[in-house]
Structures are given as structure tokens and as C-alpha cells.
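The values are calculated or read from the model by the stated rules, or taken from the named source; none is laboratory data. All values derive from a computational prediction rather than experimental measurement. FYI the Cβ positions are ideal-geometry reconstructions off the backbone, even for glycines, and counts take in every protein chain you see.
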Amino acid sequence: MNLSAPSQIANYIAGSMQAPLNGKYIDNVNPATGEVYSQTPDSDIKDVEEAVGAARAAFPIWSTTPVEDRFKILNRIAELIDENLDALALAETNDNGKPLWLSKRVDIPRASSNFRFFAAGIMHFNTESHNMEDKAINYTLRKPIGVVGCISPWNLPLYLFTWKIAPALAAGNCVVSKPSEVTPMTAYLLSIICQEAGLPPGVLNILHGTGPGCGSAIVAHPDIKAISFTGSTRAGREIASIAAPMFKKVSLELGGKNPNIIFADCDWDKMMRTTLQSSFSNQGQICLCGSRVLVEESIYEKFKEEFIARAKKLTNGDPLDEHTKQGAVVSKLHFDKVLGCIELAKQEGGKILLGGKAVKGTGRCENGLFIEPTIIEGLGPHCRSNMEEIFGPVVTLQSFSNEEEALMLANTSDYGLSATIWTQDVSRANRVAAQVHSGIIWVNCWLLRDLRTPFGGFKNSGVGREGGWEALRFFTEPKNVCIEL
Ligand code: NAD
């Protein structure tokens with residue numbers, strides 16, 4: 001198999017590649033160079049209708065296909081992703097702007113892990129039985145839902161797309177999916193992999209297009225019974241308002257404004273190294289990045305000095321260069337948004353300690369969208385800069401004097417996705433972990449992922465959990481059978 005990015009992407013419907021029915025396309029831009037390098041279908045409701053028809057037709061057979069056979073096909077997809085690591089990583093980097101080494105080490109390997117994990121998971125998935133002493137026995141059947149919709153964002157394109165599709169397919173559903181229109185290429189290449197792996201036609205349909213044009217038609221389609229969405233809180237709210245009156249199942253993985261709580265007794269070197277990553281990895285465009293850095297007063301000045309010195313070394317550059325630490329941000333729209341947030345922080349009285357500006361690229365990247373790693377201090381917990389998601393290479397610093405204040409600052413947020421706690425005091429770690437209002441807590445580490453654990457947020461960070469049994473439960477409908485003895 002020889003995968004390479006085409007100049008025109010196609011939809012994957014009923015097992016074949018199809019042009020959008022309206023004939024319309026969107027430019028696909030490489031954010032590191034500014035070059036329009038391919039065309040993405042601007043699909044609409046008509047393509048969604050076709051895809052839903054194909055998925056409905058495929059469902060009776062796929063849902064009754066033995067799990068051993070589903071396991072084999074999903075594993076084959078995982079193998080083909082691994083075999084095509086270089087081509088997929090290059091496509092991801094050209095679409096997204098992230099360093100190529102990051103796509104190779106994180107994004108693409110995780111995409112194959114997702115398929116492998118849920119292929120194995122469905123083989124071990126079991127259901128409950130409840131015994132009413134000698135009166136009756138209940139057992140729960142779990143059936144695939146039918147046709148489900150999966151919609152994903154641009155920051156970890158293939159990684160998050162497959163995180164939804166793999167459990168949906170493993171559980172026996174047929175899928176109508178849409179990757180972000182900003183980063184469609186690896187999802188397109190996945191369609192070719194699925195053909196090669198022998199996935200039956202219609203089981204997975206991949207449509208390309210915008211949120212309003214294509215995503216909302218997926219959400220509103222009456223034959224799509226569940227929606228798994230990852231993206232902004234704004235879009236999540238719109239999706240919920242359409243899906244709720246239709247009584248669809250929804251899983252919403254939304255934005256974050258995650259606190260990184262650093263106590264004076266932390267393992268200093270490990271904390272510094274990891275905090276640099278949790279602040280600026282993927283140009284800060286990971287929903288789990290710790291964008292609010294909270295530091296105990298007694299080490300605040302020392303932390304600030306060393307953090308700035310280390311962040312200064314995170315130079316922006318060509319994502320294809322293996323020495324590049326920071327690539328481009330994903331799009332002009334997002335570039336303008338992040339710079340606008342930095343301006344707002346200044347207006348709110350924030351002091352820019354490092355960065356704060358766009359960086360001019362060189363060579364083939366002279367029109368690229370680069371932003372310096374940016375560190376800001378002097379802002380209170382309630383200002384917009386500390387309340388709203390920026391989703392770029394920008395962090396704020398705040399100090400706290402005790403555990404109580406640290407918790408107050410951490411919990412002053414409408415979001416509740418993740419939090420990181422740095423301390424060597426086990427009791428304190430447990431105490432703080434229990435009181436931070438977030439769905440995912442890391443103690444003395446960050447982004448250490450066990451795919452079996454529940455993944456998702458509190459408050460405006462979403463509804464429901466992904467990962468492990470949670471995902472397989474989401475993509476199945478439970479039915480209780482009670483037998484009187
Ligand atoms: P976005 O909400 O703009 O778009 C996400 C996806 O939804 C895209 O495919 C888009 O086309 C589609 N979409 C947009 N509006 C829609 C609508 N009304 N109906 C249906 N589909 C619609 O988000 P983005 O800018 O692509 O991604 C960044 C956001 O994603 C950030 O807020 C980030 O925190 C969040 N995110 C969350 C997680 C998580 O696990 N909680 C992970 C990654 C990213």
C-alpha cells in the first residue's frame with residue numbers, strides 16, 4: 001500500500017470514494033507554509049443522507065458479525081496504520097502544523113492503539129447479572145445502537161477521530177463520521193486503509209465538510225441515534241440543543257482551562273520538565289494542557305525565572321525539522337484568535353513575561369502561522385484570560401499561599417476537564433485530587449494515559465465519559481431481562 005495525500009479529498013460512503021454531491025470544496029491549507037495544498041469536500045445534508053442509507057443497510061450484518069471477526073478487521077486496520085506510520089504522520093503534520101516527530105511518536109501510534117485496544121476490548125466486554133435470591137434472576141443484554149455519529153476536532157486529528165470510531169465499530173454499530181474540516185487528510189487516508197483492511201461497505205462512512213454544513217446534518221438526522229462529539233463547548237451546546245429533544249444519546253468532550261497546581265515540596269526537575277510540556281505541547285492545542293499554572297508563593301519567583309528560561313528555548317520552526325520544538329498553530333482563524341486573547345490579557349492588566357507575538361518563519365515557512373510560547377502574570381482568577389479557553393501556546397501564572405487558596409483558584413472556572421497536582425505529600429495529593437472539580441487528575445505526571453480509565457470532564461467540559469468500558473457502554477443499549485424463578 002502506498003498512501004499519499006491527494007490534491008482532492010473524497011468522502012468515503014458505502015465503501016467507495018465519492019465526490020460531494022453538491023460539487024463544492026473547501027481549501028485545505030498547510031499552516032506552516034500558508035500553502036493551499038488540497039481540496040476538501042464541502043459536504044451537506046445530501047451526502048449525510050447517502051451515508052446514513054449506507055450505514056443502515058450495513059447494520060444488520062455488521063451488528064451480527066461475530067466479535068472474533070470484528071476483532072480481526074479492527075486489528076488489521078491497526079496494523080495498516082502502523083505500516084503507514086510515516087505517510088500518516090507527514091499528512092498529519094502538513095494539515096495541522098505540529099512537529100513531525102510528535103505526529104510520529106504520539107498521534108499516529110495512538111490511532112492504531114485505539115483500534116487495537118477496542119478490538120481486544122469487545123472480546124472481553126461482559127454484561128451484568130442481578131440475582132434476587134431465589135425469586136428471580138436479571139441479566140442485561142447490550143446491543144449495538146444502530147447508526148451513530150462521530151464528530152472530531154483538529155488538534156489531535158486521527159488520534160481523536162479513531163478514539164470514537166474504534167469503540168463504535170467494535171460494539172457493532174455502523175458509523176457516519178466527520179473529522180474537522182481544518183485537518184481532514186488523515187481521516188481520508190484512513191478510508192483507504194479501511195478498504196484495504198476489508199471493512200464491509202457502509203460500516204464506516206467518513207464525510208468531510210464544515211460543522212454547520214455537514215456536522216449539524218449528522219446531529220439532526222433522525223436515523224442517527226447517538227452522537228459522540230469532541231470539540232468546543234460552543235458547538236457542544238448547539239449539538240446538545242438539537243440532540244436533546246430527539247432523545248439521542250450524547251457524549252460531549254469539550255473545552256478546558258486546566259489548573260496545574262504546584263506545591264513547594266514537588267520533585268522540582270520533573271515538575272519543571274513536565275510543566276513545560278503540559279503548557280506548550282502541540283503549541284498548547286491539547287484540551288488537557290495546563291493553561292493556568294498555580295504556584296505556591298514560597299517558590300513562585302524561582303519557578304517563574306526557571307520556567308521563562310526553559311520556555312525561551314522552545315523555538316518555533318519548520319515542523320518537518322526534527323529539532324523544532326514548536327510548530328505552527330492550526331489555522332489563520334485560530335492564529336488571530338490566540339493573538340487576540342494575548343491582546344485581551346494585556347488590556348486586563350496582564351504582564352507578558354515571555355513571548356506574546358507572532359513569529360516570522362523562514363524559508364518554506366515564511367508565510368507560516370507561528371506564535372511564541374507566551375507566559376503571562378498579574379491576572380486575577382475571574383478575568384476573561386483566566387476563565388476562557390485560549391487553546392494556544394499561552395499560560396498564565398498565579399500564586400497561592402496555602403492549599404485552600406490553591407483549591408479556590410483551581411475551581412474558579414466554568415470548565416472541569418483535567419488538573420495536575422505537584423507535591424510529594426501523598427495525603428495532600430489525595431486531598432486535593434478529591435476536591436478539584438475536574439474529571440481527570442494527574443499527580444506528579446501529565447498526560448499519562450491508560451485507555452481503560454474514564455475520560456471526560458465536569459461542568460462546561462462535557463457530558464459523559466469515553467475510554468474503556470465507558471465507551472463500549474455508551475455505544476450499546478442495555479436491556480434488562482428478568483426471569484421469575
Ligand atoms: P469545534 O467545536 O469548532 O469543531 C469540532 C468539530 O465539530 C469539527 O469537526 C467541526 O466541524 C464540528 N462542528 C462545529 N460546529 C458544529 C455543529 N454545530 N454541529 C456539528 N458539528 C459541528 O472545535 P475545534 O476548534 O475543532 O477544536 C478545539 C476544541 O476542542 C477546543 O475547545 C478543545 O478544548 C476541544 N477539545 C476537547 C477535547 C476533550 O477530550 N474534551 C479534546 C480535544 C479538543
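Remarks
- Residue list for region 182-236, filter: part of a strand (DSSP E or B), closer than 18 Å to Val330 by Cβ and more than 11 Å from the ligand (Cβ to nearest atom): none
- The residues in region 321-336 that are in a helix (DSSP H, G or I) and basic (Lys, Arg) can be counted, and the count is 1.
- Only one entry in Thr324, Thr274, Thr315 is of a type in the set (Ser, Thr, Tyr) and in contact with a Lys or Arg (Cβ under 9 Å, 6 or more places away or on another chain), namely Thr315.
- Just so you know, in region 437-478 the residues that are assigned to a strand (DSSP E or B) and of a type in the set (Asp, Glu) include one that is nearest to Leu409 (Cα to Cα), and it is Glu466.
- Qualifying residue in region 383-404 (condition: out of contact with any helix residue (DSSP H, G or I) (no Cβ under 6 Å at 6 or more places or on another chain), assigned by TED's automatic domain parsing to the domain that holds Cys341 and small (Gly, Ala, Ser)): no
- Of all residues assigned to region 460-482, none qualifies as being under 30 Å from Ile299 (Cα atoms), of a type in the set (Phe, Trp, Tyr) and out of contact with any Phe, Trp or Tyr (no Cβ under 7 Å at 6 or more places or on another chain).
- Residue check for Glu322: away from the ligand (no atom under 15 Å from the Cβ), assigned by TED's automatic domain parsing to the domain that holds Ala433 and within 25 Å of Gly378 (Cα to Cα): no
- Top-ranked residue of region 253-300 - restricted to ones that are part of a loop (DSSP other than H, G, I, E, B) and polar (S, T, N, Q), ranked as nearest to the chain's Cα centre (by Cα): Gln285
- Number of residues in region 174-203 that are more than 15 Å from Ala78 (Cα to Cα), surrounded by fewer than 24 Cβ atoms within 10 Å (Cβ to Cβ) and either in contact with a Gly (Cβ under 9 Å, 6 or more places away or on another chain) or modelled with pLDDT under 95 (or both): the value is 3.
- Any chance Arg428 is part of a loop (DSSP other than H, G, I, E, B) and more than 16 Å from the ligand (Cβ to nearest atom): no
- Strands (runs of 3 or more DSSP E) (entirely within region 12-61) containing at least 2 residues that are surrounded by 19 or more Cβ atoms within 10 Å (Cβ to Cβ): 25-30, 35-41
- Top-ranked residue in region 301-320 [being touching a residue at least 40 places away in the same chain (Cβ under 8 Å) and not in a helix (DSSP H, G or I); ranked as nearest to Lys357 (Cα to Cα)]: Asn316
- The listed residue being surrounded by 23 or more Cβ atoms within 10 Å (Cβ to Cβ), out of contact with any Lys or Arg (no Cβ under 9 Å at 6 or more places or on another chain) and hydroxyl-bearing (Ser, Thr, Tyr), out of Thr420, Thr396: Thr420
- Residue list for region 76-90, restricted to those being part of a helix (DSSP H, G or I), touching a residue at least 24 places away in the same chain (Cβ under 8 Å) and of a type outside the set (Val, Ile, Thr): Arg76, Ala78, Glu79, Leu80, Asp82, Glu83, Leu85, Ala87, Leu88, Leu90
- Residue in region 158-179 that is among the β-branched types (Val, Ile, Thr), within 15 Å of the chain's Cα centre (by Cα) and within 14 Å of the ligand (Cβ to nearest atom) present: yes
- Filter result (in a helix (DSSP H, G or I) and surrounded by 13 or more Cβ atoms within 10 Å (Cβ to Cβ)) within region 237-250: Glu238, Ile239, Ala240, Ile242, Ala243, Met246
Conditions tested, residue by residue: (1) of a type in the set (Val, Ile, Thr); (2) in contact with a strand residue (DSSP E or B) (Cβ under 7 Å, 6 or more places away or on another chain); (3) modelled with pLDDT under 95.
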position: Lys270; (1), (2), (3): no, no, no
position: Thr275; (1), (2), (3): yes, yes, no
position: Phe280; (1), (2), (3): no, yes, no
position: Ile286; (1), (2), (3): yes, no, no
position: Ile299; (1), (2), (3): yes, no, no
position: Glu306; (1), (2), (3): no, no, no
